[in-house]
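Asks: A single structure is presented below for examination.
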Amino acid sequence: MFFDIQNINKGYAADVKRLLERGKPFQAIQSPKDLDLLNYLGLAAIDHRRMLLQLGQKHKIRLHYGACMSMVEIITILYLYWLNIDPEKPDWDGRDRFVLSKGHAVPSLYITLLQSGYVSDRDFEKYRTIDSIFQGHPDRNKTPGIDCSTGSLGQGFPVACGMAWALKKNGSSAKVYSLLSDGECNEGSVWEAALIAHNARLDNLISIIDYNKKSSYGSMKDRNAVSPLSQKWESFGWNVLRANGHDFEDLSRVLKQAHDTKGRPSIIICDTIKGKGIPLHTRQFVSSSSGLDESHYEEAIVYLNNLEKKINEESGTRIR
Amino acid sequence: MKNLALEFADILVEIGTKYPEVVVLDADLPDSCKTEKFAKSFPKRVWDIGVAEQSLPTISAGLALIGKIPVYNSFAVFAVHRGVDMIRQSICYNNTNVKIIGHAAGVSMGYTGPSHHTIEDIALLRSMPGMCILQPSDAVELKQMMYAAIDHYGPVYLRLPRSTVPNHHGSDYEFKIGQPDVISEGTDISLFFTGDLYPKVLEILSGLKQRKISVQVVNLPTIKPIDVDSIIRLGNKTKAAVTLEDHNIMGGIGSMIAEIYAEHLQKPVKRMGINDTFTESADADLLRERYGLGNKAILQAINAVLKTNKLGL
């Protein structure tokens, strides 16, 4: 096994499906009713972060830890709970689409694809090397489950707009989700497409911003800040929703609202913490180009282990 | 005489009827790009995204990823240059089935000036993996080319000069992506051209009449992917080559022919076109005359290149 994770063979997506049997699709999660589900997603997110750390450590690579760690809950709820997708049929016409516009955070998407069953643990033996299915940025022609190749910031989002228009024309009920970074909102192409999507009334387009307030080299406010972000999108005519990007209950609440909104596209601005799960990253700014040394890696593992212990104590041993 | 833009408009409607997945995008120039007829016939299959040219490639890529065949239109200089990164990443790397129509390419929109001239588009797109680049020399070729572009899965750039030219192809002409079109055979010099320059080629030929120089005239409707073996076979028949194009001599068909000649034939090549300079506002024919495609300059180039060949052998 490439990843040293207890739960990996069982399949997270299957577990969620089992937990969902009582519920309907596209419903907000509510505690205490859905406590099992919430705890399960919480544990999946912890495993996700562990796998990110192991991926970097085993291959001795730097993998945009900060950008990956801040989007873990967002991508986890999308793939394990929210999106109408079928990992058995990655090219199914009726599926919801997901575009990772912040393509540099693709390691997190790869882990999610593993947790949902699109790729296998063995695939990770080869990473960013000859004949690997995993490229340094998303490649739809190499990795099953990826809907759009990205990597140049400010492009995935307009591509998602095009997808939404075409799906509407086809009479499809599928929706298009895209995840942007706040730094990416420095790209003019984002705002060009924001205008276009609003004018085209693309209510099947749901975009999410991982608003961690930091870009590659430091704090956004020290270079080209995008705040106030909500007002900007409101003035562009979008349905603006705001959530804690690390809270599944909150995320599901806004996803439900966005899903049900008619006549205009929705943007979900998620307040997040860059590098969440790596104590070093929350103590000080760490540049995207930095790796993680052994002591900080160990520190992060201990932190995640304690977090897991806490969830398991709260939920008994019902989940695992 | 056929106006290529008006022909484009009619063929696009015909294609729209046969291919329900074709959708047409504009960036506020449906009149200049002659897509109004298509819009009238298929109002639900057009999307004018406004003055937002860098979004044409990305949005089109999105449409293609859902199975549409988007045909996006703007002046060539904006259809290509404005969104070069978008074309590279979202169209080529993504390998999406997007058709780019570059209208009024080259200096064919003369009066509007260098800001609107397109003399770098071939150079920019030729280096992008997977990109197919086509340019018609008359309306007969344009029609077949447009069908071929739609039938070919993957990115296609159709370089369309704003030009009115006679049809020099007959109804028996068969366009095939990749194949050069040999218009006349000869043994001294190969004259390669692309686009609406055939009337100019005829003038050059008449200027050579008294000189007993035997010219092989080759039209290059496909700029990429080119069948290299065909070019080698044609190159073997003559002593030297001259290339003509309404484009910077850097990176266009002149460069392509020179590359093939250097690697396979070791025969002299002279590239004629815009000589790495911005031109000015004027009638397109005057601009071509003044900036590298004057008949006298071309005749001189032919003489010079043949002389080089003699010295070289």
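Asks: Among B:Ile101, B:Ile91, B:Ile15, which one shows the biggest mean-square fluctuation in a GNM of chain B, springs joining Cα atoms closer than 10 Å?
Replies: Highest fluctuation among the options: B:Ile15.
Asks: With a ≥ b ≥ c taken as the square roots of the eigenvalues of the C-alpha gyration tensor of the stretch B:2-165, please select rounded if a/c is under 1.5 and otherwise prolate if a/b is larger than b/c or oblate if it is not? Numbers along the way, then the final one.
Replies: Values: a/c = 1.30, a/b = 1.04, b/c = 1.25.
Since a/c stays below 1.5, the shape of the stretch B:2-165 is classed as rounded.
Asks: Quick check for me: using +1 on Lys/Arg Cβ and -1 on Asp/Glu Cβ, what's the dipole size of the protein assembly as shown about its Cα centre, in debye to the nearest 20? It would help to have the intermediate numbers written out before the result.
Replies: Values: 73 positive and 72 negative charges, 44 e Å.
Using only the charged Cβ atoms, the result is roughly 220 debye.
Asks: Let me spell out the model: positive unit charges on the Cβ of Lys and Arg, negative unit charges on the Cβ of Asp and Glu, origin at the Cα centre of chain A. What dipole size does that give, in debye rounded to 20?
Replies: My answer is approximately 440 debye.
Asks: For the stretch B:176-195 and the stretch A:119-147, write down the distance between their C-alpha centroids in whole Å.
Replies: 44 Å
Asks: Considering every residue in B:63-72, what mean count of other chain Cβ atoms within 10 Å of its Cβ is obtained?
Replies: Details: counts 9, 4, 13, 15, 4, 6, 0, 3, 0, 0.
Across the residues of B:63-72, the mean count of other-chain Cβ atoms within 10 Å is 5.
Asks: Can you list the lysines whose alpha carbon is less than 30 Å from that of A:Lys221, not counting same-chain residues fewer than 8 positions off?
Replies: Straight-line reach from A:Lys221, under 30 Å: A:Lys102, A:Lys213, A:Lys232, A:Lys274, A:Lys276.
Asks: Which whole-Hz ³J(HN,Hα) couplings does the stretch A:188-199 yield from phi under the Karplus relation 6.51 cos²θ - 1.76 cosθ + 1.60, θ = phi - 60°, glycine and proline marked x?
Replies: My calculation for the stretch A:188-199 gives x, 5, 5, 6, 4, 6, 4, 5, 5, 5, 5, 5 Hz in order.
Asks: Right, next: When you look at the Cβ of every residue in A:191-198, what mean number of other chain Cβ atoms sits within 10 Å?
Replies: On the way: counts 1, 9, 7, 0, 4, 7, 3, 0.
Other-chain Cβ atoms within 10 Å of each residue's Cβ, averaged: 4.
Asks: Taking amide H positions as placed in the peptide plane 1.01 Å from N, state which residues far from B:Val218 in sequence (5 or more) or on other chains have amide H under 5 Å from it.
Replies: Result for B:Val218 returns B:Ile183, B:Leu191, B:Phe192, B:Phe193.
Asks: In deg cm²/dmol and to the nearest 500, what is the mean residue ellipticity at 222 nm of the protein assembly as shown if only DSSP H runs of at least 4 residues count, each as -39500 (n - 2.57), divided by the residue total? Walk me through the intermediate numbers first.
Replies: Values: 22 runs with 238 residues, N = 633.
Mean residue ellipticity, 222 nm, calculated: -11500 deg cm²/dmol.
Asks: Could you work out how much longer the chain between A:Ala14 and A:Asn84 gets when fully extended? Use 0.36 nm per residue separation minus the Cα distance between them, nm to one decimal. Provide the component values of the computation, followed by the final result.
Replies: Numbers: separation 70, 0.36 × 70 = 25.20 nm, distance 1.41 nm.
Working it through step by step, the gained length comes to 23.8 nm.
Asks: Amide H to amide H, which residues 5 or more places from A:Arg128 or on other chains are under 5 Å from it, using H placed in the peptide plane?
Replies: Residues meeting the criterion, in which the H sits 1.01 Å from N, are A:Phe134.
Asks: Rounded, prolate or oblate for the stretch B:181-307? Axes are the square roots of the Cα gyration tensor eigenvalues, ordered a ≥ b ≥ c, and the cut-off for rounded is a/c under 1.5. Before the final figure, lay out the partial values.
Replies: Values: a/c = 1.68, a/b = 1.24, b/c = 1.35.
Note, shape of the stretch B:181-307 comes out oblate.
Asks: Once both labels are modelled 7 Å past Cα along the beta-carbon direction, what's the B:Ser230-B:Asp85 spacing in nm?
Replies: Here the modelled spin labels are 3.6 nm apart.
Asks: Right, here's the next one. For B:Lys44 and A:Arg283, FRET efficiency with R0 = 60 Å and r from the beta-carbon atoms, rounded to 0.05? Display every interim value, and only then the final one.
Replies: Details: r = 55 Å, r/R0 = 0.92.
The computed FRET efficiency comes out at 0.60.
Asks: Could you tell me how far the Cα centroid of the stretch B:53-130 sits from the Cα centroid of the stretch B:203-245, in Å?
Replies: 28 Å
Asks: Still on this structure, I have one more. Using only alpha carbon pairs under 8 Å that are at least six residues apart, calculate the relative contact order of chain A and give it in whole percent. Each step should come with its number before you reach the end.
Replies: On the way: 551 pairs, mean separation 68.7, N = 320.
For chain A, the relative contact order is 21 percent.
Asks: Taking each residue in B:87-100, count the Cβ atoms of any other chain within 10 Å of its Cβ, then average. What number comes out? Please list the in-between numbers first.
Replies: Working: counts 0, 2, 11, 10, 1, 1, 8, 10, 4, 5, 0, 1, 0, 0.
Partner Cβ neighbours, averaged per residue: 4.
Asks: Relative contact order for the stretch B:2-165: what is it in percent, counting Cα pairs under 8 Å that are at least 6 residues apart?
Replies: Details: 324 pairs, mean separation 42.8, N = 164.
Computed over the stretch B:2-165, the figure is 26 percent.
Asks: Evaluate the distance, in nm, between pseudo-label points positioned 7 Å from the Cα of B:Thr164 and of A:Ser31 along their respective Cα→Cβ axes.
Replies: 7.6 nm
Asks: I've got another one for you. Compute the angle between helix B:139-151 and the longest alpha-carbon principal axis of chain B, please, reported from 0 to 90 degrees and rounded to the nearest 10.
Replies: 50 degrees
Asks: Still on this structure, I have one more. Quick one: compute the contact order of chain B, relative version, from alpha carbon pairs under 8 angstrom and 6+ residues apart, as a percent. Present the calculation step by step, with values, prior to reporting the outcome.
Replies: On the way: 686 pairs, mean separation 51.1, N = 313.
Here the relative contact order equals 16 percent.
Asks: Under 19 Å from the Cα of A:Lys256, which lysines turn up, not counting those fewer than eight places away in the same chain?
Replies: A:Lys17, A:Lys24, A:Lys33, A:Lys175
Asks: When ranked by the protection proxy of mean other Cβ atoms within 10 Å per residue, highest first, what sequence do the peptides B:235-241, A:87-93, B:72-78 form? Please list the in-between numbers first.
Replies: Details: B:235-241: 20.1, A:87-93: 12.4, B:72-78: 25.7.
Ranking the peptides B:235-241, A:87-93, B:72-78 by packing returns B:72-78, B:235-241, A:87-93.
Asks: Which peptide among A:282-295, A:193-206, B:208-221, B:21-34 comes first, and what is the full order, when sorted by highest mean count of other Cβ atoms within 10 Å?
Replies: On the way: A:282-295: 12.9, A:193-206: 22.8, B:208-221: 17.9, B:21-34: 20.5.
In decreasing order of mean packing, A:282-295, A:193-206, B:208-221, B:21-34 become A:193-206, B:21-34, B:208-221, A:282-295.
Asks: What are the lysines whose alpha-carbon lies under 24 Å from the alpha-carbon of B:Lys237, with same-chain residues fewer than 8 places away excluded?
Replies: Result set, ordered by chain and number: B:Lys176, B:Lys200, B:Lys209, B:Lys212, B:Lys224, B:Lys267, B:Lys270, B:Lys307, B:Lys310.
Asks: When the Cα centres of the stretch A:52-112 and the stretch A:244-320 are compared, how far apart do they sit, in Å?
Replies: 13 Å
Asks: Would you mind putting A:305-313, B:47-55 in packing order, based on average other-beta-carbon counts within 10 Å, highest first? Spell out each step's value before the answer.
Replies: Values: A:305-313: 13.2, B:47-55: 21.0.
Highest mean packing first, the order is B:47-55, A:305-313.
Asks: Compute a Gaussian network model of chain B, connecting alpha carbons closer than 10 Å, and tell me which residue from B:Tyr261, B:Tyr198, B:Tyr19 fluctuates the most.
Replies: Its mean-square fluctuation being the largest, the pick is B:Tyr19.
Every number in this text was worked out from the coordinates using simple rules, so none of it is lab data. Keep in mind it's a predicted model, so treat the numbers as computed, not measured. Glycine also receives a Cβ, built like all others from the backbone with ideal geometry; neighbour counts cover every protein chain displayed.
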